[in-house]
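The values are calculated or read from the model by the stated rules, or taken from the named source; none is laboratory data. Everything quoted here is computed from the prediction, not taken from an experiment. Note: ideal-geometry Cβ built from the backbone for every residue, glycine included; neighbour counts use all protein chains shown.
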2 protein chains.
Amino acid sequence: MESWSQRPGRLGRPRRLSREAILSSAERILTEEGAEHLSMRRLAKEMSSTPMALYYHVKDKDELLTLLLDARTERLPRAELPHEPRERLLAGARTLHGMLADCPWAVEAVTSEDHVSASALRLVESMIDAAVACGMSHEEAVYAYRVIWYYTIGELLVRLNRERARRKGEDTPWERAMLSLDPDAFPLLARLRDQWVELAAGDHHQRGLEAVVDGLLAQGAVCPGTAGHP
Amino acid sequence: MESWSQRPGRLGRPRRLSREAILSSAERILTEEGAEHLSMRRLAKEMSSTPMALYYHVKDKDELLTLLLDARTERLPRAELPHEPRERLLAGARTLHGMLADCPWAVEAVTSEDHVSASALRLVESMIDAAVACGMSHEEAVYAYRVIWYYTIGELLVRLNRERARRKGEDTPWERAMLSLDPDAFPLLARLRDQWVELAAGDHHQRGLEAVVDGLLAQGAVCPGTAGHP
DNA sequence: ACCTGAACACCGTTCAAGT
DNA sequence: ACCTGAACACCGTTCAAGT
């Protein structure tokens, strides 16, 4: 709405900057260059404007990030959720993970700034609901959600750093350490080198997620029918 | 050794700077003010020196962090490890978690820079060894370690941000969101407010850790004797 | 209403020069 | 051997001023 003209009906020079334009430029930098390259000064240069002009349209960098994050989550497809509660819990966690895996810059924003949007709340609500449907008490369900969240965010962060190192053509310090191990001091790790590298490369979020969820369900162990697994 | 005199036997004006002095000043800033306040310039001022003088003693900020982290892990008490493999795995994870919980600045260093020290390797080796003793294959053991690590680092990061917000007298965005929920849109979350706040405040790492470990053991399900839990 | 310039208070790091 | 000053290339943000 009126992104090129100040008042409807009145033609005029389009505004050079607008919230929308700023947001989409910022998103471009984030996805193409990563969160570490988004700065107000850089963004202004990108738009051939000045850093201070941005401050007319957004309060500060934090607000900018929040707006970007909200726009992202709002665009989330409202996935079909399975009926079986354990499956529903898993699906919720997968959606959460998938969304953030597609959008690495958001991982840091979400962990360090800890922003919240309504769509995120919807997802959390549905996961806790599923946990309750699995037979958990309210307290257990909230706790289960938290454990799943810790696992998810941890996996994403490690993944993010791996990809950053990759982009710079480096190895992760862990990879370096594994490659130059003293086999006398660390006989087991030395023998596991290949598994380590292989596991680091693959995507095992789903597999670990099932272990976490089933561990949580077994801990409650109130609903033997749904807590079981093949 | 020779922290105040350049050459043994030769008395003289003590060097104003030294690696040790730099490291301990840096550690003071980190523990008392947090990682976000440690900068080369700030550190130099603290020691009534100049930023550039530091660069004679350490290569760059990254090396400084690595040295600090190594010093920390080297000081780790070599804990007595239980014999029972599941307990040993749990004990390893607890040690890892406890060490980082005591040392919040290291959490960020460890996740974002991903440093590795020999003591950390020892701990990882012993955890993987315990996992194998639980009946896991090498591949499963490495994978189990990773899942535990993700969970641990995720818990620590969320905790860190909570404490940072506390120190600034703020609420976490999640706490704010929970307090201003629309009960019609999120009926379950609205009812769970109290559990949420309570769980966020307490330390439930151990409880979640057991769920994660038992979930992993059940997934392997090769060693029924050790995979069970009371 | 929208944008600019200059300024403030920061970063990490390099490099030639001093003692 | 150890340290300094000046400089480079960055940050986020404020504030008074311009059109």
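Just one residue in the set B:ALA185, B:ALA177, B:ALA144 is in contact (Cβ under 8 Å) with a residue 60 or more places away in the chain and at the interface with another protein chain (Cβ under 9 Å from one of its Cβ atoms); that residue is B:ALA144. For region A:37-76, the candidate set comprises residues that are among the β-branched types (Val, Ile, Thr) and more than 13 Å from A:ALA26 (Cα to Cα); within that set, the residue that is farthest from DNA strand C (Cβ to nearest atom) is A:THR73. Inspect region A:132-144 for any residue being within 22 Å of B:VAL110 (Cβ to Cβ) and of a type outside the set (A, V, I, L, M) and give the result as yes or no. No, every residue in region A:132-144 fails to be within 22 Å of B:VAL110 (Cβ to Cβ) and of a type outside the set (A, V, I, L, M). Would you check if B:ARG191 is basic (Lys, Arg), facing another protein chain (nearest Cβ under 9 Å) and under 19 Å from A:VAL158 (Cβ atoms)? Spelling it out, it is not the case that B:ARG191 is basic (Lys, Arg), facing another protein chain (nearest Cβ under 9 Å) and under 19 Å from A:VAL158 (Cβ atoms). Of the candidates B:LEU188, B:LEU156, B:LEU216, B:LEU160, the single residue that is in contact with a Leu (Cβ under 6 Å, 6 or more places away or on another chain) and either in the same structural domain as B:GLU108 (by TED's automatic domain parsing) or in a helix (DSSP H, G or I) (or both) is B:LEU156.
Please list, ordered by first then second residue, the pairs with beta carbon atoms under 8 Å, 6 or more apart or interchain, first in region A:59-79 and within 19 Å of A:ASP102 (Cβ to Cβ), second among the β-branched types (Val, Ile, Thr) and part of a helix (DSSP H, G or I). Matching pairs, first to second residue: A:LEU69/A:VAL110; A:LEU76/A:THR95; A:ALA79/A:THR95.
Taking region A:100-135 as the region of interest, how many residues are modelled with pLDDT under 95, in a loop (DSSP other than H, G, I, E, B) and more than 7 Å from chain B (Cβ to nearest Cβ)? So the count comes out to 3.
Selection of region B:163-174 for residues being part of a loop (DSSP other than H, G, I, E, B) and more than 9 Å from chain A (Cβ to nearest Cβ) yields B:LYS168, B:GLY169, B:GLU170, B:ASP171. Quick one: would you say B:ARG16 is more than 8 Å from DNA strand C (Cβ to nearest atom), away from chain A (no Cβ under 14 Å), surrounded by fewer than 14 Cβ atoms within 10 Å (Cβ to Cβ) and at pLDDT below 95? Judged against the criteria, B:ARG16 is a match.
Do we have any residue at all in region B:88-95 that's of a type in the set (Val, Ile, Thr) and outside the structural domain of B:GLN206 (by TED's automatic domain parsing)? Within region B:88-95, not a single residue is of a type in the set (Val, Ile, Thr) and outside the structural domain of B:GLN206 (by TED's automatic domain parsing). For A:THR152, state whether it is under 18 Å from A:GLN206 (Cβ atoms), among the hydroxyl-bearing types (Ser, Thr, Tyr) and away from chain B (no Cβ under 11 Å). No. Filter region A:28-78 down to residues that are part of a helix (DSSP H, G or I), over 15 Å from A:ARG16 (Cα atoms) and not aliphatic (A, V, I, L, M), then give me how many there are. The total comes to 16. Among the residues of region B:201-213, those that are part of a helix (DSSP H, G or I) and more than 8 Å from chain A (Cβ to nearest Cβ) comprise B:ALA201, B:HIS205, B:GLN206, B:LEU209.
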